[in-house]
Amino acid sequence: MVEDGGEEEAEGESGEMPAAAAPLQRCNGFLPGKEAAGGGRAGGGEQPAPAAPAAPEAEAMLAAGGGRPEARLETRLSRRRLAVLAVFSCYSLVNAFQWIQYSILSNVFAGFYGVTFPQIDWLSMVYMVAYVPLILPATWLLDARGLRLTALLGAGLNALGAWLKCGSLAPQRYPLTLAAQAVCAVAQVFILGLPSRIASVWFGPTEVSTACAVAVLGNQLGTAIGFLLPPVLVPNTPNDIDLMAHNIGIMFYGTAIVSTLLFFLTGVVFEEKPKYPPSHSQAVLQSKPPEDYSYKQSIINLFKNIPFILLLISYGIMTGAFYSVSTLLNQMIVTHYEGEEVNAGRIGLTLVVAGMVGSIICGLWLDYTKTYKQTTLIVYILSFIGLLVFTFTLDLGYLIVVFVTGGVLGFFMTGYLPLGFEFAVEITYPESEGTSSGLLNASAQIFGIVFTLVQGKLTTDYSPRAGNIFLCAWIFVGIILTALIKSDLRRHNVNSGIMNLDVKAVPVDSPVEPESTTLKIQSAL
């Protein structure tokens, strides 16, 4: 079938819907009290149920747990979804590259700008600091103005920050490079919360976890390239500052050109949502009237959800530990292996590439089994073991051992990231995917700031082992919290038609009683 504008639709899970059905508005949150007991809705005041349903309302009826096939809302998979996912993954990659490009060359940039190591660490931590106060406005914007505008802001600010860095190619311009990195950090706020939203809005129930993993994969790949390329492009030449500035310029200008191209591609490819919902859970959300949504109520609902709070803390611990290890990796490696900046980058690359493989495997596994809690807990425990092994083999004097242990650590620690996103969406449905993901990332940034500062201090004053043991203790706490999470897979239950929903659907040509034509969602969500 061809959409308006010529876009073809791939046949997916579908039911039949009257041809005259109007497009439905997306809404993720529910305000309490919006559904009246008899099936009517209360708006600004109590209103009686209408004598007969309006045509658009009748067309929105969804048979989630049964009902007549002819009344089911049609669901299809859009071919555009792959282009949306690819473009997002690419500009998320560039943003992650810009995050780590300073830290992996901390000794080079400290010498170039004439600043201390903690000042270089702040070029990484500014990403974490900017995220925390801006995440609520960013998630509100995502819910109120939509996916396309949010994506354009993320890609546009990413390009702007990259061009500003091109003006900081002189030793006295550390404040400018910090300001440019702050712009990239703001761009990150409009990027990190999108993987689960893109996956839910554009992908079907049998591919949603894999799509989320691929979206997260772009960010991980950017970190991997950030570990690999900067040490190659900018070798340490402390006796030739002009050559160093030239090499840094190649890296900065190349990043700016690529990010600008991706900004224009975002404008071309991104649409708010596909013509037809890709899953029945999305169809339920899109059938809710916009006035039934409240961003404030959505936040309140999330913070009343005890399993989500436990996941919020445990996700923050794991991801914050990953941020800290990534930021301080160069210092840890150079402490025990002097002059091995290039190999430090390669170890970081190994860590992230292994994590990319772990992300894809975990995403495929979740789509196949839907064992969210079990998989999350196992990966958490294996990350703890991996960090312990990495910690106590780091100073053995064999770089090959560090490569292996770093790869094992990355496979599980980085592979955990999409698990947390998808688990959160499942246990918080029907709340906004962008809001739950944004709060998870805010938790990660807060823990990342604290962990980086404390681990950096322990590494400097004592040894890398002391800093890593500090992280191990916190990850052990995260294991306990993860084990306490109650696994309530709400989105999966809706897609499977087994959630406790009272949903009734009728064909538009069937005369019925008023109360039998109103969509009623009476779950304890």
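Once the Cα-Cα distance is subtracted from the 0.36 nm per residue extended length, the LEU364 to HIS336 segment shows a gain of 6.3 nm. What shape does segment 116-158 take by its C-alpha gyration tensor, where a ≥ b ≥ c are the square roots of the eigenvalues and a/c under 1.5 counts as rounded, a/b above b/c as prolate, and the rest as oblate? Since a/c reaches 1.5 but b/c is at least a/b, the shape of segment 116-158 is classed as oblate.
Across the cross-link table entries LYS273/LYS486; LYS370/LYS486; LYS304/LYS486, which are compared at the Cα atoms, the separations over 24 Å belong to LYS273/LYS486.
Protein heavy-atom accessible surface, 1.4 Å probe, per residue over segment 77-280: 33 Å². Compactness ratio for segment 77-280: Cα radius of gyration over 2.2 N^0.38 Å (N = residue count) comes to 1.07.
Using a probe radius of 1.4 angstrom, the carbon and sulfur fraction of the accessible surface of segment 77-280 is 73%. Toward the positive end of the charge dipole of segment 155-272, with +1 on the Cβ of Lys and Arg and -1 on the Cβ of Asp and Glu, the farthest Cα among ILE248, GLN172, LEU160 is that of GLN172.
If you take the Cα centroid of segment 296-350 and the Cα centroid of segment 205-220, the two points sit 19 Å apart. Taking 25 °C and 0.890 mPa s as conditions, segment 380-483 diffuses translationally at an estimated 162 µm²/s according to Stokes-Einstein applied to its Kirkwood radius (Cα pairs).
When TRP365, TRP122 are compared by accessible area at a 1.4 angstrom probe, the order from most to least is TRP365, TRP122. The length gained on full extension between ILE300 and ILE400, counted as 0.36 nm times the residue separation minus their Cα-Cα distance, comes to 31.1 nm.
The values are calculated or read from the model by the stated rules, or taken from the named source; none is laboratory data. Because the structure is predicted, anything quoted here is derived from the model rather than measured. Virtual Cβ from ideal backbone geometry, glycine too; neighbours counted across all protein chains shown. These accessible areas exclude ligands, DNA and RNA; they are computed on the full protein's heavy atoms, side chains included. Shrake-Rupley method; radii C 1.70, N 1.55, O 1.52, S 1.80 Å.
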